[in-house]
Structure formats: C-alpha cells, structure tokens
Amino acid sequence: MPLILQSLAPLSFPDLDALRTVADAPGLALRSETVAAADSSAPLTPALREALDEFCGPRAIDWAVVPEGRKLSDFRLVAMDMDSTLITIECIDEIADFCGLKAEVSAITEAAMRGEITDFNESLRRRVALLKGLDASVLQRVYEDRLRLSPGAERMLQAVQALGMKTLLVSGGFVHFTDRLKPRLKLDFTHANTLEIVGGKLTGQVVGEIVNADVKARTVREVCEQIGARPEQAIVMGDGSNDLKMMALAGLSVAFRAKPVVRAQASVAFNHVGLDGLLALFPY
C-alpha cells in the first residue's frame with residue numbers, strides 16, 4: 001500500500017532514510033520539498049502505526065498509508081465537520097466569551113469532543129443555556145471578527161469541486177455560521193443546529209432536532225443517496241468524538257487536528273499539514 005509523508009517544512013534526507021527502514025518502503029522518494037511517497041510499504045499493523053507515530057510525531061511529519069490504485073476522483077462527496085475542522089474556532093466558545101463564560105463553556109466542549117461526555121445533546125443544551133439573554137448581534141461579530149478558515153480549506157475545496165465532487169458541511173454548531181459559509185465556499189449541502197432568538201436575544205434554547213453523532217451519520221447517508229453515491233465514495237473529515245459515526249461510514253476518514261480517540265479510528269490523521277493535505281494522498 002502506498003505510503004505518503006507530508007510536512008510544512010522540507011523533509012530531510014536522513015528522515016527519509018530512516019522511514020524507508022521503519023516502513024519497509026525502499027522506494028520512498030520526494031515528490032516535492034514537503035511531500036514524499038512510496039508505491040508500497042509494509043502492511044499497516046498496530047506496530048507499524050505506533051512506529052510511524054513515534055518517529056513522525058516529534059518531527060511534525062504527517063504520514064498516511066492509502067489504498068493502492070485509488071484516485072481522488074473515485075470519490076463523490078467530501079463531508080466536513082465545521083468547528084475546529086473547516087474553521088479554526090469552536091463558535092459556541094467564542095459566543096460565550098461575550099458573556100464572560102468562555103472558560104466554562106470551553107471545558108464542556110473539550111470534554112464532549114474527547115468523548116468524556118457521551119450525551120452530546122445534553123452537553124449542547126448545557127452550553128446553550130449559558131448563553132440566555134445574550135444579544136443576537138454577537139453571532140455576527142463572531143463570524144466577522146473571529147471565524148477563520150482552517151489552513152488549506154479553500155485550496156482543498158476548490159480542487160474537489162473542480163473534479164465535480166459534492167461538498168457537505170454538517171455541524172453540531174449553528175446555522176448562523178453554516179448559512180454564511182455555504183455561499184462563500186460554494187458548498188452544496190449544510191446541516192446544523194438553530195439557536196432560538198426572541199426579541200433579538202438568545203433564549204438559551206436550541207430549536208428542533210439537535211445535530212448529534214447519529215444525525216451527522218444519517219445526513220451523510222442521505223446526501224450520498226441524493227447524489228447517487230455509496231457511503232464508501234465519501235471522504236469525511238472531523239476532529240471530535242461527535243464525528244466518529246459519520247467517519248465510520250466513509251471510504252476515507254480524515255482526523256484533522258483531532259482528539260486522540262478520533263485519530264485512533266481515522267484512516268488518515270493530519271496533525272500538522274492543512275486540509276489540502278488531502279490532495280497529496282491520491283493522484284488527481
């Protein structure tokens with residue numbers, strides 16, 4: 001199976017020499033200063049995964065072992081989580097900052113994303129309740145002043161869209177942000193939670209069905225059906241435990257700057273490179 005190495009800094013020849021031995025990949029060679037590939041490597045056993053992590057992690061190298069013969073154009077859908085995946089922030093934490101409760105809300109968010117709080121619905125309700133009474137104009141301020149796309153997001157999206165792939169943003173966050181990102185990034189589908197607003201103020205409630213792990217997975221399945229694709233023709237990107245069920249459906253799952261529980265279960269982990277690291281995994 002092909003082995004792909006990526007880094008933000010130029011890859012060194014001594015590191016490549018060492019990795020040829022670690023991964024039994026004698027053909028490992030540079031594609032560019034920051035990307036190297038081998039047509040074949042040893043089978044990806046738990047021992048090899050651990051060895052690659054131990055060598056590559058301290059050197060800020062991302063590695064991936066990908067299916068032989070696959071092309072990016074074999075896939076039909078790229079589905080992404082929003083907070084801390086497509087964008088760099090957790091929107092609810094930044095909203096809470098405007099009422100002086102960022103630390104309290106962030107602690108709940110982190111525990112939920114690590115999988116320590118198993119009831120996502122309850123964790124979201126707890127966090128949203130703390131926002132009661134906040135002026136709704138804060139949502140626009142967070143979007144304009146604090147929301148930033150993750151590195152490589154636009155380049156990755158432009159490339160997959162040029163191949164005719166559909167894009168889905170499915171989030172346990174809020175439609176106020178997904179609705180603005182949809183036209184900005186030319187996304188095909190979005191699905192997220194709705195904060196209740198009455199009289200220009202947040203009520204501390206979520207309207208309708210909460211987008212939890214099951215709903216995310218269901219949304220990926222439904223979008224695949226809508227576009228005439230199989231779930232294994234989807235690439236799914238996420239960072240938290242709420243993403244694991246939809247990632248499990250995918251033909252390729254990408255853990256992006258993710259929690260350990262997600263990295264352990266994903267096909268590929270990008271801990272250092274941007275979202276456009278996806279483009280280096282396959283010829284396209």
May I ask you to say which residue of Glu90, Glu122, Glu116, Glu104 is within 22 Å of the chain's Cα centre (by Cα), farther than 30 Å from Arg230 by Cβ and surrounded by fewer than 16 Cβ atoms within 10 Å (Cβ to Cβ)? Glu116
Among residues belonging to region 39-86 that are in contact (Cβ under 8 Å) with a residue 12 or more places away in the chain and among the hydroxyl-bearing types (Ser, Thr, Tyr), point out the one that is nearest to Phe282 (Cα to Cα). Ser73
Taking region 219-263 on its own, how many of its residues are acidic (Asp, Glu) and not in a helix (DSSP H, G or I)? 1
Quick one: how many residues across region 243-265 are small (Gly, Ala, Ser) and without any contact (Cβ under 8 Å) to a residue 24 or more places away in the chain? 4
State yes or no: is Leu169 of a type outside the set (D, E, K, R), surrounded by fewer than 22 Cβ atoms within 10 Å (Cβ to Cβ) and touching a helix residue (DSSP H, G or I) at 6+ places or on another chain (Cβ under 9 Å)? no
Can you give me the number of residues within region 74-103 that are among the charged types (D, E, K, R) and assigned to a strand (DSSP E or B)? 1
Do we have any residue at all in region 137-147 that's within 30 Å of Lys71 (Cβ to Cβ) and not acidic (Asp, Glu)? no
Could you please let me know if Ala51 is surrounded by fewer than 18 Cβ atoms within 10 Å (Cβ to Cβ) and touching a helix residue (DSSP H, G or I) at 6+ places or on another chain (Cβ under 6 Å)? yes
Against the condition among the β-branched types (Val, Ile, Thr), closer than 26 Å to Lys132 by Cβ and surrounded by fewer than 20 Cβ atoms within 10 Å (Cβ to Cβ), how does Val211 come out, does it pass? no
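Throughout, read-outs are computed from the coordinates displayed, never taken from laboratory work. Not measured: the values here are computed from a predicted model. All Cβ positions, glycine included, derive from the backbone under ideal geometry; neighbour counts span all protein chains shown.
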